[in-house]
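The values are calculated or read from the model by the stated rules, or taken from the named source; none is laboratory data. Bear in mind that the values here come from a model prediction, so they are computed numbers and not experimental data. Cβ coordinates were reconstructed from backbone atoms using ideal geometry, including for glycine residues, and neighbour counts include every protein chain displayed. For the accessible areas, the whole protein counts, side chains as well, though only heavy atoms, and no ligand, DNA or RNA atoms are used. Shrake-Rupley method; radii C 1.70, N 1.55, O 1.52, S 1.80 Å.
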Amino acid sequence: MAASVYYPPVGFYFRVEFQGIPGLQRQDAFFQEVTGLSRELESESVKSGGENRFTFKLPTRAQYPNLVLKRGLFTNSSIIRWVNDAILHLDIKPVTVLVTLLNDKHEPLQTYQCVNAWPQKWSVADLNAQESRIVVETMELVYQYFTIL
């Protein structure tokens, strides 16, 4: 029996899903870039009386950066309506966002479940008549935490 060889997955084959946005179309969730899937343990420095050589660092809680999603500009999408409702009308409806890393057979390798995500920022790339490139929109979502499914 031959031993299988492990190859690390590629980072360009993934899927983004929004759970809880009404009227969501399949093409609404096509993104070219996802960043912000990281976590860090915050710490607190404590000075101890009589010990002047160093301070103690104690762990406090995990912290998560914003989830940043980039894609070609969609002029009419349910995700943009959800973003506009939150930013323009303060009608904030947190949803679960799933980012799934896929293999070459379209099978899920690992899924990151971002809990209670809501839009904090939306922007569109600079428009420039001297360049011929796709207009990219960027969404920044705040979320509480993520789990790996």
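Within the range 112-127, which residues are of a type outside the set (Asp, Glu) and not in a strand (DSSP E or B)? Walk me through how you get there before you give the answer.
Here is the first cut: in the range 112-127, the residues of a type outside the set (Asp, Glu) are 112-125, 127.
Result: ALA125, LEU127.
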* To do: Inspect the range 30-48 for any residue being touching a Pro at 6+ places or on another chain (Cβ under 6 Å) and over 30 Å from ILE79 (Cβ atoms) and give the result as yes or no.
  => yes
* Structure fact -> Across (1) part of a loop (DSSP other than H, G, I, E, B); (2) exposed (fewer than 10 other Cβ atoms within 10 Å of the Cβ), LYS93 clears everything bar (2)
* So VAL68, is it open to solvent by less than 60 Å² (accessible area, probe 1.4 Å) and over 15 Å from LYS121 (Cβ atoms) -> no
* Asked: If we keep just the residues of the range 26-55 that are modelled with pLDDT under 85 and open to solvent by less than 60 Å² (accessible area, probe 1.4 Å), which is nearest to LEU141 (Cα to Cα)?
  -> ALA29
* **Qualifying positions in the range 20-51 - among the hydroxyl-bearing types (Ser, Thr, Tyr), within 12 Å of the chain's Cα centre (by Cα) and not in a loop (DSSP other than H, G, I, E, B)** => THR35
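Out of LEU109, LEU88, LEU98, LEU58, which single residue is of a type in the set (A, V, I, L, M) and either part of a loop (DSSP other than H, G, I, E, B) or crowded, with 17+ Cβ neighbours inside 10 Å (or both)?
Working: LEU109 fails: either part of a loop (DSSP other than H, G, I, E, B) or crowded, with 17+ Cβ neighbours inside 10 Å (or both); LEU88 fails: either part of a loop (DSSP other than H, G, I, E, B) or crowded, with 17+ Cβ neighbours inside 10 Å (or both); LEU58 fails: either part of a loop (DSSP other than H, G, I, E, B) or crowded, with 17+ Cβ neighbours inside 10 Å (or both).
It is LEU98.
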* Asked: What pairs come up if the first residue lies in the range 48-63 and is in contact (Cβ under 8 Å) with a residue 40 or more places away in the chain and within 30 Å of THR147 (Cα to Cα), the second is open to solvent by 80 Å² or more (accessible area, probe 1.4 Å) and not hydroxyl-bearing (Ser, Thr, Tyr), and their beta carbons are under 9 Å apart, counting only those six or more places apart or on different chains?
  -> ALA62/ARG39; ALA62/GLU40; ALA62/LEU41
* Mind checking which residues of the range 71-85 are under 11 Å from GLN120 (Cα atoms) and surrounded by 16 or more Cβ atoms within 10 Å (Cβ to Cβ)? -> VAL83
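Restricting attention to the range 1-19, which residues are assigned to a loop (DSSP other than H, G, I, E, B) and either loosely packed, with under 13 Cβ neighbours inside 10 Å or basic (Lys, Arg) (or both)?
Step one: of the range 1-19, the residues assigned to a loop (DSSP other than H, G, I, E, B) are 1-13.
Result: MET1, ALA2, ALA3, SER4, VAL5, TYR6, TYR7, PRO8, VAL10, GLY11, PHE12.
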